[in-house]
Structures are given as C-alpha cells and as structure tokens.
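Peer 1: Sending over a structure as structure tokens; questions will come in a sec.
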Number of protein chains: 4
Amino acid sequence: MIKVGIVGLGYWGPNLVRNFQSVNGAEVHSVADFDNNRLQKIHQLYPKINLCNDANEIFENPEIDAVVLATPINTHYDLAKKALLKNKSVMVEKPLATSRAEVLELMEIADARGLSLMVDHTFLYTGAVQKIKSVIDSGELGNLQYFDSTRINLGLFNPNWSVIWDLAVHDLSIFDYISGGKKPVAVSATGIAHTKMGIENLAYISLFFDDDTFAHITSSWISPVKIRKTLIGGTKKMIIYDDVEPTEKIKIYDSGFSVSTPEDMHKWLIDYRFGDIYIPKLPQIEALKGVAEDFIRSISEKTTPLGNANSGLNVVTILEAAQKSLVNRGETIII
Amino acid sequence: MIKVGIVGLGYWGPNLVRNFQSVNGAEVHSVADFDNNRLQKIHQLYPKINLCNDANEIFENPEIDAVVLATPINTHYDLAKKALLKNKSVMVEKPLATSRAEVLELMEIADARGLSLMVDHTFLYTGAVQKIKSVIDSGELGNLQYFDSTRINLGLFNPNWSVIWDLAVHDLSIFDYISGGKKPVAVSATGIAHTKMGIENLAYISLFFDDDTFAHITSSWISPVKIRKTLIGGTKKMIIYDDVEPTEKIKIYDSGFSVSTPEDMHKWLIDYRFGDIYIPKLPQIEALKGVAEDFIRSISEKTTPLGNANSGLNVVTILEAAQKSLVNRGETIII
Amino acid sequence: MIKVGIVGLGYWGPNLVRNFQSVNGAEVHSVADFDNNRLQKIHQLYPKINLCNDANEIFENPEIDAVVLATPINTHYDLAKKALLKNKSVMVEKPLATSRAEVLELMEIADARGLSLMVDHTFLYTGAVQKIKSVIDSGELGNLQYFDSTRINLGLFNPNWSVIWDLAVHDLSIFDYISGGKKPVAVSATGIAHTKMGIENLAYISLFFDDDTFAHITSSWISPVKIRKTLIGGTKKMIIYDDVEPTEKIKIYDSGFSVSTPEDMHKWLIDYRFGDIYIPKLPQIEALKGVAEDFIRSISEKTTPLGNANSGLNVVTILEAAQKSLVNRGETIII
Amino acid sequence: MIKVGIVGLGYWGPNLVRNFQSVNGAEVHSVADFDNNRLQKIHQLYPKINLCNDANEIFENPEIDAVVLATPINTHYDLAKKALLKNKSVMVEKPLATSRAEVLELMEIADARGLSLMVDHTFLYTGAVQKIKSVIDSGELGNLQYFDSTRINLGLFNPNWSVIWDLAVHDLSIFDYISGGKKPVAVSATGIAHTKMGIENLAYISLFFDDDTFAHITSSWISPVKIRKTLIGGTKKMIIYDDVEPTEKIKIYDSGFSVSTPEDMHKWLIDYRFGDIYIPKLPQIEALKGVAEDFIRSISEKTTPLGNANSGLNVVTILEAAQKSLVNRGETIII
C-alpha cells in the first residue's frame, strides 16, 4: 500500500484527494494546508486522513511514501526538493517548477535516490489526447506539419505568473506528448500585460524545429468566450481537437495538399484534397484518476509515467524561453 | 462620366468590370488581358467595352480617366506608376505594392498631379466592418486592448508571395481602418514554408504599439476548415466578428474586467464582468460596389476613399517588416 | 422549522435531499426507500436524517410537516393521497399524477385541509424560463403565436409510460407557465413504439386553442443527438431557447411579419422584418433549490408556488388527452 | 436533339433555362411568359431562344419535344394536360398537381402516348440525398424506424396554398425516394393560419405505416431562423442531414438501441450504443443540372427518372390527405 501525503487544498487539492483515495494500492495518509476550514472539509469526507498545517510534517513522516504538491508555482521547487531529500516520490501540479535549472536539480536528486518525480499534465490522460496520440503513432496523420492551439477565456488572472504558465503549459504538455518529446530549437513569444500588475494576460508562443514542424500557442485571460481548440496538421490527415465540445471533441479530416514539380521546373503543381471526416467515440474517463494511477504505478512498478520529469523539463524549458522572449517583443531565443 | 480602364481579367477582374459598370457617373471604357478567352467573355456580356492585350493601350488612351489594376502583386508598382505618369487616377488590388518605398513613390506622383491613388481593401466596405468601426468610434467599446484575427483555410497557395501578402493583408487593412490608422512601433512574425517553393504558407504576425493595444494575426493556407474570426477587446466591451457566419457575423459582448488596488498595495482585485450579448442586424451590401463608388467619388469629388493610399502604405509597411521578421524566426523589427 | 420527509432515493431523490437541506427554515427529517444501500449513502452525507424502508413511517410521523415524492409515476396518486390524509403538505415529482381525475381528487383533499400540493416542474425555476416569462409578460413579444418545442436524445426508455410522460411534461409545464395557464381546446398526438414493450418512444403533440396560438411538442428517446430547443413566436418578436447551449440559452429575435390589405382587396401584402438579436445574460441559479424554497414558502407563508397543483392539473390533462390521441393515430381529442 | 419549351420565367424559370441549355442532346427552343421584361432578360443571355407570351404557342409547335412548366401550382394540371395532349413530354415544378385525381389523369395520358411525365423533385439530385439513399440501400442503416424533417424559415408566404405544398413537398419527395416509395396507410396533420388569408403558415404532418416506420414533417414560414434538418433512424445507424451546413451536411451516427427480453419476462433490457460519427464527403453537383439531364434521358432513352410521375403521385396523395386533416385538427385520414 503506497501512502500518499497531499500538500495544498485549494481548488485542485480536494480532487487529488478524492482520486488518490480511489486508486487500488494507494491511500491518502495525510493532507496539509494553512487553512483549517479546508482541512475540516476533507475531514468530513474522509475522517481517517491525518490533517496538518505544516507540509514538513508530511515530509518528515516515515510512513509516507509519496507526496503530491498542489501549491502555488513558486513553491514547487522548494517543497519538491525537501520531499525528495526525505526519500518521498513526488508529483507536482503543472508546471513542474519555474526554470530549467530547478527541474534539472530535482531530476538529479530523484534519479540518485531511485524516486519517482512526476508532473500532473492532466490532459495527457484524457480520451481526446490519447486518441490523437494513437492516430499520430499509427502513422495515419503522416509527418507532423503544424500544431496550433488556442486556449482562451475570461477570468482568473494569476497575479504572479503570466498567462503562459497558467494556460500554455497545457498545450505544451500535449504537444510534447503527441510529438514524442520533440524539442524546439528556438522560441519566439509575444504578448501584453493590460494591468498594472505587469503580468502578461495575452500571449502567443511560436516554436521552431530543425525540420518541417511548426507550433504556435495562443493564451488569453481576456477573451469574451471560452475557446479550447487545437489544429494538428500532418502530411496525410489533419485533426481538430475542440475541448469545449461536449462529445465530438476530435474530428479527423482526410484532407491535405501535395506539391509536385513537373518537368518544366518553373512551375509548381499543388493538389488539394478534401475528403471524409471521422469523429471517433472517445472513452469516458476521469483524467485525474489516470494521473493518480500512473503516479502510483510509477512507484510500485518502477514504470515511467506519461507526465514524467522529462516531459516536465521540456515544458518548463520552453516556458522559460518564451517568457524571456515575451518581455523582449518576440526576440528569438535559441534553446 | 469617369471612364475606367481595367487591367487583368483573372479571378477578380470580371467582378470589378461588373461593379464599375453599375456605378453612376462611371463606365468601363476598356479592359486589358493577355488571354483572349477572358477578353471574349467580357465582350459577350458587355459588347461596348474595348478589348486590348496590352495595358499600355489603356494608359496611353487620353479618353480614359482612371485605371484599375487586378494583376499579380509584383506588377502593381510598375503598372501603377506608368498609369499615374499618364495622368490616370489608379486603384490597385491589395496589397498596393510590395514595399513601403514603392508606395511612397506612387503617392508622391499621385499627389503632385492631383490624382486619386487607392487600394482595394474590400472588407472595409462590408456591413460587418462598418458596424465594428461605428461601435469603436462611438466609444461603446472603450479603449482598444487587443485585435486577434484568424484567417485560414485549405488552398490556393501563391507561388511567389507568402500567405501574409494574400491573407493577413485583409486583417491589417481592417485593423488600420477600425483603429483609425494606429501605427505599430514594432513587428514580430513567425511561420513556416511546407513546400520546396520556400513560400511561407502558415504565418503569425504580432504588432506592438506604444500604448495598451496589441494585435495578432494568424494566416494559413493549410487548415482543414475555413475560419475567419476576429476578436476585438476594449476596456468596456468586446466584439467577435465571424465572417463565416451567414447572418450573425458580429457579436458584441458586454463583458470585460477591471483591476483595482485596495489600500493594502500587495493585493490586486480583478473584477470580471459577463453581460448581455447583442447581435446587430447588418446591411446587405455588395462590398465591391462600395469600393467602385468610393474610387469614382474620390476622382469626381476629390474625396478621400476608405482604401486611400495612406491605408495602403500602413498595410504594406507592416507586411514588409513582417516578412523580414518571418525569415528571421520572429526577430523584432522596429518600424 | 418545516420538517420534510422524502420518499424515493433513486436518480432524483438525493438531489432533493441536498436542496431541501439547504433551504432556510426547513430540514430533512426522514428519507424512505426500499433499498438499504441508497439509505446508507444518505446516512454518510447527513447522519442526522432518519432512515426508513416504508414510506408510511413518514406519513404517520406527527413531527413531519411535508412530504416529497420522488417515486415512479404510477405511485404518485396513492402516496400523495395517503400523505395528504395525514395532513402533510405534498410535493410530487412530475407529472403530478396519471390522470385528470386523480389530480382533481388530490387537489380537493389538499384544499379542504389547507395543505400545499405542488408538483416539481423544475424548468420553471431556471434563469432561462424566468427570462422568457418576463419577456412575454412585459409585452415585448406581442401576442403568442406559436410554441414549438423539441426534447430528444438517446436513452432511458421508461418501461411503463410513454415518452410524453417523461419528456413532453417539461415542455407542457413551460408552456403552461409562460402562457399564463392558457388552456388548449383540443389535442392531437401521434407517434410510435419501436419496442415490443408497446410504450411510445417517439411522439408529437399538437395543441389547439380558441385563438391564434398553436403549440407543438416533439419527444423522443431515439435521437442520435441531444436537442432541447424551443421556438416561441409572437406578433412582435420571436425567441429561441436552446437549453443545450452552455451560456447563450436565450436568443431574442426582433423579427416577424405583418400582413396588410391594400385597397385592392384581392391582394395581400406581407412584410417581413429581420432585425437585431439579443442574448440576455441569465442568472446562474440551481433550479431545484428554487423548487425547494418555493414549496417551503408555500407552506410557511401560504403562497402559491410556480409549480402549483393547477399547473400540474393542466399538464396532466393534456398528457392524458395526448396519450388517448396517440394510440388513435392523431384523433382529435376535445378537452 | 430534344427541343425544350419552358413556360414561366419567375424565380425558378431562368435557372431551368440555364440548365437545360447545358444538357448534351437538348436545347431550349422557346420560352413563354406574360411578362415581356422577363422574356427580354432571357433574350439578352440566349438570343437564339424564341420568345412568346402564350404557352399555347409552345404546345402547338411541332418542333418542340418537351415542355417544362414553372408556373403557379394551380395551373400545373391544365397546362400539363394540354402539353401531353399535343404529344409533348412534360416536366412540372413541384408539386406535380393539386390532387391525386389530377395526377392519375395526367399519368394515364402520358402512358397512353408513351410520353415522359416528370416532376422536379430537385433535392433527389443533391449529393446529400444521393448519399442517404446509398447508405439505406446498402443496408448500413438497417430497417428505417423514423424520418423526422424540419424545414422552416421566415418568409415568402404563398397566398393560395398552405406551407405544406411549398415546403413539406420537399421532405415528402425525399422520404419517398430514400424509402423506396414506401406508402403511408394514414396521415394526420395539424397547424395554423396566422393571417386573414386563411392559408396555414405553420404545419406538422405525421405519416403512419403498416410496419415499424414513422415519419413526421415540420413546415413553417414564420421561424426566426432557417432550419433544414432531417433525422433518419434505422435499426443499425442513424443519420442527421443538415442542409444549412455548407460542407458537413450528412452525419452518420453508429448509435442505436436494442431490446432484449431475459428469462424473467417481466423485465425489459434496453441497450444503448453510442459509437463513432462519420461525415462523408459529398460530390459538388448542381442538382438542377441532374434534373434536366434526367428528364432529357427519360425522353431519349425511355428511362425512368428519379422524379417520375409515381413519385409525384405519392407526394401529392399525402399532401392532399394532409391538407384535409390540417383543416380538421389532426383528424386521421386513411389513404
């Protein structure tokens, strides 16, 4: 039985408690939060879980095998490091940390001690992203030509971290997963802060690769409507993933173009193809349950979870470069 | 009666002939094209129009007052210059020319001779863009915070000019018009060419201003679906302009956010507002008819058309800078 | 403090428990169900509520003021009668009973004893229906010309009662409410049973009035998609209520037509008007909370609830006539 | 070369002229209309076509082989009869005539003389309806369980014939075609006339069959939005045909339900199946071109056109019965 301690009972924490409670082979041993009201709410639902105000009690407790951190971004590195040094496996809410250097240090500690270090990239565990991954891996899409993802809505400005750390992190984790960990060679990002907080609330990220792939991400907290739409183009087919759709989230288009060069080399012939569209049925699964199971499995069976530390590293590396570009009006950042 | 010569009878030319024929106070005197089949088609519909293979015949003809150019982009400057030097007023299909320097030279010639120089920014004459302009000018939107426009579909690669010269030109002309000629201070653009032609078929442009405004444009020839959607955010209201919608093209959202700073300066209070939505009825007008009338009026009444040369200059200035940034992976171009 | 007993803990019962628990001035005293597992689930959440297997224990308990019935349709009359005869106010899940005669008898008992008798017409308490009601009552819509409502999806066949008792009941209750209790003079209904159960799973109801109003309802358990769309036409404006839309549920169209008779009496002139569309913001309320509050208020303050017995009577009267017509291929039933 | 005379140059007539002109093996010989302006417009486009004010000139002309009637509904029977008696093959705009008796008489004359008698059921020639037909004929849909079609918009009241003769005629012709000429045993129709003209502008038709099929049609001239949506349910799959969609008109749902009876005969087990959705690419064809070709082929090659007289008879039979039921509030009409 893997015993789990969960730190942070804000918006997401109670969902983590509920899901880890339901994983076979795991149980939530303790939860920590400054706020006693939050602790009491957990107590009412799960009277056997220990409550504490100080996360260190969890880190110090030798009965606990694994720690889950659902705390503000800037605390991730410190808390994860403390937990790892106490020989706990650690799962961190996204993003894993605030810089590539931080992530690398955490990975080193985890590796040296044989601990699991994971980041909660929840979307990887949805039926929609799983389907996209399988279409790409099967070769049905052909080579990946572009990934263009928009995640915008009105609300919930974070006062300390720009919108890319809140929203683009999802798109980057999805891209990392479905592309098989493809790494950009350069990043350019633009955007603007409309408040005196100086935190960018609208941002665009472009990723350059050393081949024919291109990626672009739009993030906004100031759109009048909620849009979560990703276009994925391959040499054979194209996919539109619309996460706002209740059931028809994935549409696979048998459309594309091809270029040929006839003998007269001065001309190009481009052939456009418009074909059938296919909307696969997606399994109804709770993604966070998959996250919890994957973390527990990574500890008990020494497997590599989808949201592994390398995936977290790739995402944070891009976010860090994008933030640097963002404050310099699109300056190209080589990574 | 203003007598018009039209050069180029490809896709757009016949529409120009039809619309100029219907303008009061104007008539199409001659048309020119290399292709005799195209000339014959015009002849069948309008037997009185003169036909010629050489545009120079039009430029040389003293009976002709005005020339309309619907020829490939790279010919705009040469042909417009020739026509202006023969004292013809000139309207050019978008974009006006291929560089800021070319446009400035054409403007100088036109000004010196008191001729009208216009560019066909057709969208400015639609009911939808007219409505957006009036909402902004009335103050209902508040200050412009962002303009985010997506114009993508599958098809019709131009073999010589990247997708921004074909598609973003529309968004830039709309932005120039509704913002009252607001000029960016810097541009960053990214994108990719997926064919050996080396012409970018997917591109993104960011515009930076010296105030709280930001603009971003997405252009693509390789999307499986046609999207023409523009989000316009103001401090008071927000607009979504969806040009693919048959009737409900404009939605005005009484939504927004505001930031206040309470006494405790370490905290920010952000208030989100979600209100009613209003879909105004738009007049059913043929935009190109408005273009033709505006050009003729600019000649006969010495008025300034919506698609005036300054508007053309602003758009070409941005396109030129964006193309430079595009080939340098988002490099910031100061303008 | 009004003490409530709730009978039936199937799909809807637990929602009733939760909402009645949250009403000021009320508390759930007891719940009854045959199934001990269901009782235990309530016990875990609300340890103070008494549990029983027999509804009669609730009816007999002098401490209990009000009974809520969430049991199968065919039990409504018997259970409600028992409860009323024990001087309990009663709220019944829709439909109130299975015949006009049953409802009239229940109303008589309730009236004689000064008890509240209510039916849970939940939709009346939604922000959308409240908005429609206010638009009609303000005169903005003009005279009601038609009400055309479609409520279809795939699933949950009831083995004993046709689809109109399950789905059309909602549309009829909405019509009754927004029309101010307008009563049809005749009913025609058609449909089919596709299973050997002989229970109609697809049905259409037409309501005839003694004026210019017409109503039509489509009910189906065998549609591949979920549609919940109501068109409401008035002499001045028209409304579309789409309950599947997450936020834009109500659209008010400033459209219509008018007929004039010029001097030449042989001609009719019809003028069509297409105007603006307005999407009002709707309050975010939990309808069932409103139901619970209205029932409690009807007891403590002797008010008439929206889902009053007359509303229930009107709906059951139509359902009974429609079912009779349904088995006779649309035969006109005068009511 | 089949020589065609076209009578009636209102809204639809010029489209017929254009399409018959483009059919191989046919030419438009003459057109007739009272209105000389309409005749002149045809003359400008097709100077070789003869013009006349009196349809009899066409019927009397021995050079003409075939007559196309695009005149008001109430003239169809008279004009068609005259033409047939002059040994012309005849195509009539929908509906073929105003009663079953009229159609039967026309059919008798045509048969006796070996002439082609056809009705312009345009929708049968669209890519969408062709696709539906092929899905049903292949067995992929299973047995047809229901056909539910809605065709509503705002406008164009006909002053003499109710909305079912204008709109439901399309749905009935589609049903007749895709069902392989399935004939209802009874009809019930309801609706209302909102103008003093007394012509029903809102109507609903139900069709009863001697098996498990059911059909329902909604027709309206007073909807604020244009809807053209048909749901078709089979025992294996279901189709939604949305003719307002620009490209994705047909969606095929691999969804359905099945009923089983376990040993305990008192229980029914219903299994719901929600599967993939498939949107086939449809050919881009002009339906009216197909109509014209089919009529010409029926003359030159003695083939049976899709819009044959039997199809016209089935549709008119239902319309006539429906109109009778409509004025009697849904009375069941046996046919």
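Peer 1: For the protein assembly as shown, what are the per-bin percents of Cα-Cα distances with bins 10 Å wide, up to the bin holding the maximum?
Peer 2: Percent of Cα pairs in each bin: 1, 7, 13, 17, 19, 18, 13, 7, 3, 1, 0.
Peer 1: Something else now. Taking the 0 to 90 degree range and rounding to the nearest ten, how far is the long axis of helix B:309-326 tilted relative to the main principal axis of chain B, both from C-alpha atoms?
Peer 2: It works out to around 70 degrees.
Peer 1: Also, quick follow-up: When only Cα pairs under 8 Å and 6 or more residues apart are kept, what is the percent relative contact order across segment A:97-219? Walk me through the intermediate numbers first.
Peer 2: Working: 144 pairs, mean separation 31.3, N = 123.
Normalised by residue count, the contact order of segment A:97-219 is 25 percent.
Peer 1: Among C:6, C:172, C:201, which residue has its Cα furthest toward the positive end of the charge dipole of chain C, with +1 on Lys/Arg Cβ and -1 on Asp/Glu Cβ?
Peer 2: Of the candidates, C:6 comes out farthest on the positive side.
Peer 1: Once you keep just the Cα pairs under 8 angstrom separated by 6 or more residues, what percentage relative contact order results for chain D?
Peer 2: On the way: 713 pairs, mean separation 63.2, N = 335.
That works out to 19 percent.
Peer 1: Give, as a single signed number, the net charge of other residues whose beta carbon lies under 13 Å from the beta carbon of residue B:293, with Lys and Arg counted +1 and Asp and Glu -1.
Peer 2: Details: positive: B:289, B:297; negative: B:120, B:286, B:294, B:301.
Taking every other residue near residue B:293 into account, the sum is -2.
Peer 1: Dipole size in debye (nearest 20) for the protein assembly as shown around its Cα centre, Lys and Arg Cβ +1, Asp and Glu Cβ -1? Could you put the intermediate results ahead of the total?
Peer 2: Working: 132 positive and 160 negative charges, 1 e Å.
That gives a dipole near 0 debye.
Peer 1: Which residue of chain B is nearest the rotation axis onto chain A, counting by its Cβ, and what is the distance in whole Å?
Peer 2: For chain B, the closest residue to the axis carrying it onto A is B:330, 2.
Peer 1: Turning to a different aspect of this structure: Given 0.36 nm per residue, what is the gain on full extension from residue D:285 to residue D:48 after removing their alpha carbon distance, in nm? Intermediate values should be presented prior to the final figure.
Peer 2: Working: separation 237, 0.36 × 237 = 85.32 nm, distance 2.71 nm.
Contour length minus the Cα-Cα distance gives 82.6 nm.
Peer 1: What are the distances, in nm and sorted shortest first, from the label point of residue A:324 to the label points of the same position in each other copy, with each label point placed 7 Å from Cα along the Cα-to-Cβ direction?
Peer 2: List, nearest first: 2.5, 8.2, 8.5 nm.
Peer 1: Can you give me the long-range amide H partners of residue A:71? Hydrogens built in the peptide plane at 1.01 Å from N, cutoff under 5 Å, separation of 5 or more residues or another chain.
Peer 2: A:93
Peer 1: Compute the helix-to-body angle for D:76-85: its Cα long axis versus the longest principal axis of chain D, expressed 0 to 90° and rounded to tens.
Peer 2: 60 degrees
Peer 1: I need C:238, C:91, D:197 ordered by Cβ neighbour count within 10 Å, fewest first. Kindly include the intermediate steps, with their values, before the conclusion.
Peer 2: Numbers: C:238 25, C:91 30, D:197 17.
Taking fewest neighbouring Cβ atoms as first place, the list is D:197, C:238, C:91.
Peer 1: Continuing with the same structure: Tell me, D:303, A:332 in order of fewest to most beta-carbon neighbours within 10 Å? Spell out each step's value before the answer.
Peer 2: Values: D:303 13, A:332 20.
In increasing order of surrounding Cβ atoms, one gets D:303, A:332.
Peer 1: Okay, next question. Could you give the angle, 0 to 90 degrees to the nearest 10, between helix B:127-137's Cα long axis and the longest principal axis of the Cα atoms of chain B?
Peer 2: 50 degrees
Peer 1: Which whole number of Å³ per residue matches the convex hull of the alpha-carbon atoms in segment D:2-121?
Peer 2: Working: hull volume 11.1 nm³, N = 120.
It comes to 93 Å³ per residue, whole-number rounded.
Peer 1: Given a Förster distance of 35 angstrom, what is the FRET efficiency for residue B:160 paired with residue D:27, based on the Cβ-Cβ distance and rounded to 0.05? Walk me through the numbers before you get to the answer.
Peer 2: Working: r = 44 Å, r/R0 = 1.26.
With a Förster radius of 35 Å, E is 0.20.
Peer 1: With a Förster radius of 41 Å, plug the Cβ-Cβ distance of residue B:34 and residue D:244 into 1/(1 + (r/R0)^6) and report the FRET value to the nearest 0.05. Please report the intermediate quantities before stating the final value.
Peer 2: Details: r = 42 Å, r/R0 = 1.01.
Result of the calculation: an efficiency of 0.50.
Peer 1: Can you list residues from other chains, or at least 5 along the same chain, whose modelled amide H is less than 5 Å from the amide H of residue C:255?
Peer 2: The answer is C:238, C:275.
Peer 1: Distances from residue C:40 to the same position in the other copies: list them in nm, one decimal, shortest first, using label points 7 Å from Cα along Cα→Cβ.
Peer 2: Ordered by distance, the counterparts are at 2.9, 8.9, 9.1 nm.
Peer 1: Using θ = phi - 60° and the Karplus relation 6.51 cos²θ - 1.76 cosθ + 1.60, list the HN-Hα couplings for segment C:201-218 in order, rounded to whole Hz, with x at every Gly or Pro.
Peer 2: 9, 9, 8, 10, 10, 10, 10, 9, 10, 8, 9, 7, 8, 9, 9, 9, 10, 10
Peer 1: How high is the relative contact order of segment B:208-307, in percent, counting Cα pairs under 8 Å that sit 6 or more residues apart? Don't skip to the end; give the middle numbers.
Peer 2: Values: 114 pairs, mean separation 15.3, N = 100.
About 15 percent, as a whole number.
Peer 1: Taking amide H positions as placed in the peptide plane 1.01 Å from N, state which residues far from residue B:223 in sequence (5 or more) or on other chains have amide H under 5 Å from it.
Peer 2: Under 5 Å from the amide H of residue B:223 lie the amide H atoms of B:153, B:154, B:155, each far enough along the sequence or on another chain.
Peer 1: Run through the other copies and list how far each one's label point is from that of residue A:57, in nm with one decimal, shortest first; the point sits 7 Å from Cα along Cα-Cβ.
Peer 2: Inter-copy label distances (nm, one decimal, shortest first): 3.9, 9.5, 10.3.
Peer 1: Calculate the translational D of segment A:42-113 in whole µm² s⁻¹ from Stokes-Einstein, where the hydrodynamic radius comes from the Kirkwood formula applied to all Cα pairs, the temperature is 25 °C and the viscosity 0.890 mPa s.
Peer 2: Working: Rh = 12.9 Å.
The diffusion coefficient I find is 190 µm²/s.
Peer 1: As an exercise, use a Förster radius of 56 Å and the Cβ-Cβ distance of residue A:254 and residue A:15 to find the FRET efficiency, rounded to the nearest 0.05. Provide the component values of the computation, followed by the final result.
Peer 2: Numbers: r = 38 Å, r/R0 = 0.67.
Result of the calculation: an efficiency of 0.90.
Peer 1: Quick one: Cα convex hull volume of segment A:194-335, Å³ per residue?
Peer 2: Working: hull volume 32.0 nm³, N = 142.
About 225 Å³ per residue, rounded to a whole number.
Peer 1: I would also like to ask the following. Count neighbours as other Cβ atoms within 10 Å of each site's Cβ, and list the GluC sites (Glu not before Pro) in segment D:276-335 that are DSSP loop with at most 13 such neighbours. Display every interim value, and only then the final one.
Peer 2: Working: sites: D:286, D:293, D:301, D:320, D:331; in loops: D:286, D:301, D:331.
For GluC sites (Glu not before Pro) across segment D:276-335 that sit outside H, G, I, E and B with at most 13 neighbouring Cβ atoms in 10 Å, the list reads D:301.
Peer 1: Please go through segment C:1-110 and write out the GluC sites (Glu not before Pro) that DSSP classes as loop and that have at most 15 other C-beta atoms within 10 Å.
Peer 2: Values: sites: C:27, C:57, C:60, C:63, C:93, C:102, C:105, C:108; in loops: C:63.
Hits after loop and neighbour filter: C:63.
Peer 1: Next up: Counting each DSSP H run of 4 or more residues in chain D as -39500 (n - 2.57), what helix-only mean residue ellipticity at 222 nm follows after dividing by all residues, to the nearest 500 deg cm²/dmol?
Peer 2: Details: 9 runs with 102 residues, N = 335.
Theoretical 222 nm ellipticity from helices: -9500 deg cm²/dmol.
Peer 1: I need A:151, D:297, C:113 ordered by Cβ neighbour count within 10 Å, fewest first.
Peer 2: On the way: A:151 23, D:297 18, C:113 14.
The fewest-first ordering by Cβ neighbours comes to C:113, D:297, A:151.
FYI, it's all coordinate maths here, none of it is from the lab. Keep in mind the model is a prediction, meaning the values are calculated, not measured. A quick note on method: Cβ atoms are made from the backbone with ideal geometry, for glycine too, and the neighbour counts reach across all protein chains shown.
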